[in-house]
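Notes to accompany the following structure.
What follows draws every value from the coordinates through simple rules; no lab data is involved. The model shown is predicted, which means the values in this text are computed figures rather than measured ones. Here Cβ is always computed from backbone atoms with ideal geometry, including for glycine, and neighbour counts include all displayed protein chains.
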Amino acid sequence: MSFRLVFLFIPIAVLPICLSRLEEDASLNSTTDNNATDNCNLNNKCFHAPPELCPRADSPCRCHQLPNCSKAVVCCNVTSFQLVEGLACANVSDGNVTAVHVRNATLDTLNLSQPTWRRLKYMTITDGHIKSVTGEFTRLTSISYLNLSSNGISKFDDRSLGNLFDLRYLDVSHNNLTEVPRFKMEGAVTLDISYNPYILCSSVLDALKRAELFFSNGKQTYCSSSKTFHWFNTTEHLPLIQIIGLHELSKDCQKMNSNCLCVPSRVDLIPGKAPIFAIDVNCSNRKLKQMPTPLPPNTVSLNIANNNITSLAAVNNDISYVHLRELYADNNQITSVLPLEGSKFISNFVVLSLRNNKIDSLPTYMFSNAFDRNFFLRTVYLEKNHIHCDCNTAKNLKVWLLTKAKQIPDYKEIFCENINSPVMDLNPSTLCQSTSDWTDYVYYIITFQVLLLVGLIAKVFYDYWVFKTAGYLPWPASKMPKMPCDWLCE
């Protein structure tokens, strides 16, 4: 199996679906038909009315139908009460009006729940002062083109746009949003979120996952890499093209035979260089028998839990694992951690999780070296592994696990394969009494030999002293035959 992943930094087309805020729709100025209903030409365009088409300042109704298009209404310089009153006197709710443009509205909140909007297809509210959008469009609302740009909006209710099943274009540019509004739709939607300086990259990615999106003004669209969003190590902004590249990476990862999932972990922003994205790869529950290879570039975390993998050799043998820092391999058939010895992973890892495998021995020297070389806490999980236990396990491994309790927090859940007991419950005095383990008696034998030697030397000196003072040798020296070297003592 192989991973064939490429960052796709595709160009983003600017889709000029809406007319400029400062330009008049030529179709609205057409005078070929005084009845005007056939001259609106609103299909496939957002509706924008220039300031010149606003009602007169002394008009009692702040909204009116355009003289050459009875299907279109423009409202200007309204408060919340004036907006409701103006829409009523412009007959917006009679079902014939399909397009409304509200300019320079000053509202604490824009309430979308009122049924006035239900029959509209084109709804535009721009160049105002609106703090938030509340309520939600009623069911069967027909709006396809919604423009709420340049209002200073900071928040949408979660369900505000949930009933816009016909939505095709959404412009929320030039606001203060932190999240892309959630909308429910079928088919593609063109979205303009440019000039929202606080919008989070996480929200943009989430929107890409939910819907098929095209972006208008993509070159002017950036997302915030706020510290509240965990990938990033700075508070800079990322261009939309980079976020789309991450989304394409995630989709390509899903197309692989193993159907693994790739998600961004963080991005390192270095001035003058392209962002470096760190990737988390999730290949859990894929019935894999071998570790996936090669990994995407800059993979820092790999989850291969709940598979049938037997060996960790790929970590040491495949160069694509060079940036790996976290490995989650729980619930597999792995028998040994020795293939990790000498790898860059064992020198630099942060998390190694091997719960519920078939590991039968723990090379303490390898883990000790890894723990000692790292200034930060490294964590190894070994719960529900069954190792071979003997006297050395009871006397040495048990003590070592106690000293590494911070690095191996589940040390109490490591069991013996040949004894029905956790390693931490082993009793050295019991386990080390086997007949084959005679090393404990060596110390007693050596002690006895030393005492015997000291006694023999003391006896020789005593016999010599008696012989010099009394002239005879004590027993048993007097009974021993003379040796050729006895003349030295005489």
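Determine how many Å³ per residue the convex hull of the Cα atoms of the range 56-95 encloses.
Working: hull volume 2.5 nm³, N = 40.
Once divided by residue count, the hull of the range 56-95 is 62 Å³.
So, counting K/R as plus one and D/E as minus one, what does the shell of residues with Cβ under 12 Å around F215 add up to?
Details: positive: K219; negative: D171, D192, E212.
So the surrounding residues net to -2.
So, counting K/R as plus one and D/E as minus one, what does the shell of residues with Cβ under 12 Å around K184 add up to? Each step should come with its number before you reach the end.
Numbers: positive: R139, R159, R182, R210; negative: E136, D158, D166, E186.
Neighbourhood net charge equals 0.
Taking R0 as 30 Å, what FRET efficiency do you get between Y441 and H388 from their Cβ-Cβ distance, rounded to the nearest 0.05?
Numbers: r = 24 Å, r/R0 = 0.81.
Once rounded, the FRET efficiency stands at 0.75.
Computed on alpha carbon atoms, what radius of gyration and Dmax characterise the range 283-431, expressed in Å?
15.4, 52
In terms of the Cα gyration tensor, with a ≥ b ≥ c the square roots of its eigenvalues, is the range 43-155 rounded because a/c is under 1.5, prolate because a/b exceeds b/c, or oblate? Show your work: numbers first, answer last.
Working: a/c = 1.37, a/b = 1.07, b/c = 1.28.
Rounded, since a/c falls under 1.5.
Round to the nearest 0.05 the FRET efficiency obtained for A88 and V263 when R0 = 56 Å and r is the Cβ-Cβ distance. Please list the in-between numbers first.
Numbers: r = 50 Å, r/R0 = 0.88.
That gives a FRET efficiency of 0.70.
Sort D318, D58 so the one with the fewest other Cβ atoms within 10 Å of its own Cβ comes first.
On the way: D318 15, D58 5.
So the residues, fewest neighbours to most, are D58, D318.
For every other residue with a beta carbon closer than 15 angstrom to the beta carbon of E326, add +1 if it is Lys or Arg and -1 if Asp or Glu, then tell me the sum.
Computed value for this residue: +3.
When a footprinting reagent is the concern and you count Cβ atoms within 10 Å, what order do W400, W117, W475, W465 take, fewest first?
In order of increasing Cβ crowding within 10 Å: W475, W465, W400, W117.
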